[in-house]
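What follows is a set of notes on a single structure, which appears directly below.
The values are calculated or read from the model by the stated rules, or taken from the named source; none is laboratory data. All figures in this text were calculated on a predicted structure; none of them were measured in a lab. Neighbour counts run over all protein chains shown; Cβ positions are idealised from the backbone, glycine included.
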Amino acid sequence: MIGVSGVLASAALFVCTAMIYACLRFLQEWATPLTMVNFVLLGCASGFTLATACAAWLAPSLAAGLAACACTLTLAGCATRVAALKRNARLRPKFGLVAERWFFFAEARHPQNIYLRAGVLKRAATRAVRRALRLRPRA
């Protein structure tokens, strides 16, 4: 049950992360369904490769089947990557594309950065409170 939950959570993570990349319309190279397919295939391939390495050590009878799955997923991921590269070669760059990309990455107003920034501020506030409590004279 735990293993199945872990696999489902990992698959959901791959799909959600891939969809974040694919929804960036101004990055033409990523704004394609191939981004999601490739991300999921290569993510699963890396997971099966790790599972194969673990099985070779802990359960050798499972290693051959896992290795076949890892190879199949890797080849499928390579095929979708080649298709994406061919598609990207046909794209025409838009005016200001470099400026748009720079603004996106330099501005860094991504949801995960807001979350991380809140964590940094919370830790800084916690440290300040702890320092203040240590400096206060005891009664």
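Below is a table of values for the structure above.
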| item | result |
| --- | --- |
| Test: residue in the stretch 65-88 that is surrounded by fewer than 18 Cβ atoms within 10 Å (Cβ to Cβ) and modelled with pLDDT under 90 | yes |
| Single unsatisfied condition, Gly6 versus (1) at pLDDT below 90; (2) exposed (fewer than 15 other Cβ atoms within 10 Å of the Cβ); (3) within 30 Å of Ala89 (Cβ to Cβ) | (3) |
| Flag if Ala12 is without any contact (Cβ under 8 Å) to a residue 60 or more places away in the chain and either within 30 Å of Asn88 (Cα to Cα) or not in a helix (DSSP H, G or I) (or both) | yes |
| Candidate set from the stretch 47-89 (those that are among the hydroxyl-bearing types (Ser, Thr, Tyr) and over 22 Å from Ala18 (Cβ atoms)); member that is farthest from the chain's Cα centre (by Cα) | Ser61 |
| Residues of the stretch 27-54 classified as assigned to a loop (DSSP other than H, G, I, E, B) and out of contact with any Phe, Trp or Tyr (no Cβ under 7 Å at 6 or more places or on another chain), total | 5 |
